[in-house]
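Heads up, the thing below is written out as structure tokens.
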Amino acid sequence: MEIIDFLLAEDQLFTTITLLVLIALLIGNIIADKLKKYEDIDANAATELMDDDNLIILDVREQKERKAGYIKGDIHIPLGDVKNQLSKLDKNKSILVYCRSGSRSAHIAGLLTRNEYEKVYNLKGGIQAWKRAKMPVST
């Protein structure tokens, strides 16, 4: 009861609201992570996937970003065009999506799973993590 009185005290109201918002964000993040249907993988796990001939590597960065390097054998479809070009991607194949840091590719991985693509992977950390892991980059 003392904790509730403390949290509801006038001088603690801002702290209480902040604490509740942080708890709600944490719970929302946990739920969203459980509901996602794609898998985040690191560069090493991605190289294991590349042994499969039924893998599509999808770069969703902008054209100018590719000058910094790309993964050999990938398909380039900029983020804004992916939705209109889903028919180019075979639903029976695994798809590894990457971008610069892994954020945009996570968005596209979610889009793909919502459109009934089943074997979808997001390269966690994107091409930056790929380079940090000393994996080969084409230019």
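The values are calculated or read from the model by the stated rules, or taken from the named source; none is laboratory data. Not measured: the values here are computed from a predicted model. A quick note on method: Cβ atoms are made from the backbone with ideal geometry, for glycine too, and the neighbour counts reach across all protein chains shown.
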Self-check item: Boolean, Lys131 is in contact (Cβ under 8 Å) with a residue 60 or more places away in the chain and charged (D, E, K, R)
Solution: yes
Quiz item: Could you list, in sequence order, the residues of segment 50-98 that are in contact with a Lys or Arg (Cβ under 9 Å, 6 or more places away or on another chain) and either aromatic (Phe, Trp, Tyr) or in a helix (DSSP H, G or I) (or both)?
Solution: Glu65, Ala68, Tyr70, Leu79, Tyr98
Practice problem: For Arg100, indicate whether it is farther than 14 Å from Val120 by Cα, in contact with a Cys (Cβ under 7 Å, 6 or more places away or on another chain) and surrounded by 14 or more Cβ atoms within 10 Å (Cβ to Cβ). | Solution: no
Self-check item: Number of positions in segment 46-102 that are among the basic types (Lys, Arg) and under 15 Å from Ala129 (Cβ atoms)
Solution: 2
Exercise. Would you confirm whether any residue within segment 28-45 is touching a residue at least 40 places away in the same chain (Cβ under 8 Å), closer than 26 Å to Ile127 by Cβ and more than 15 Å from the chain's Cα centre (by Cα)?
Key: yes
Exercise. Answer yes if at least one residue in segment 35-45 is in the same structural domain as Asn92 (by TED's automatic domain parsing), in a helix (DSSP H, G or I), in contact with a His (Cβ under 7 Å, 6 or more places away or on another chain) and not acidic (Asp, Glu), and no otherwise.
Key: no
Quiz item: What residue, among those in segment 103-139 that are within 11 Å of the chain's Cα centre (by Cα) and in a strand (DSSP E or B), is surrounded by the most Cβ atoms within 10 Å (Cβ to Cβ)?
Solution: Leu123
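Give Lys88, Lys93 a once-over and let me know the one that is touching a strand residue (DSSP E or B) at 6+ places or on another chain (Cβ under 7 Å), over 13 Å from Ala46 (Cβ atoms) and in the same structural domain as Ala43 (by TED's automatic domain parsing).
On the way: Lys88 fails: touching a strand residue (DSSP E or B) at 6+ places or on another chain (Cβ under 7 Å).
Just one listed residue meets the conditions, Lys93.
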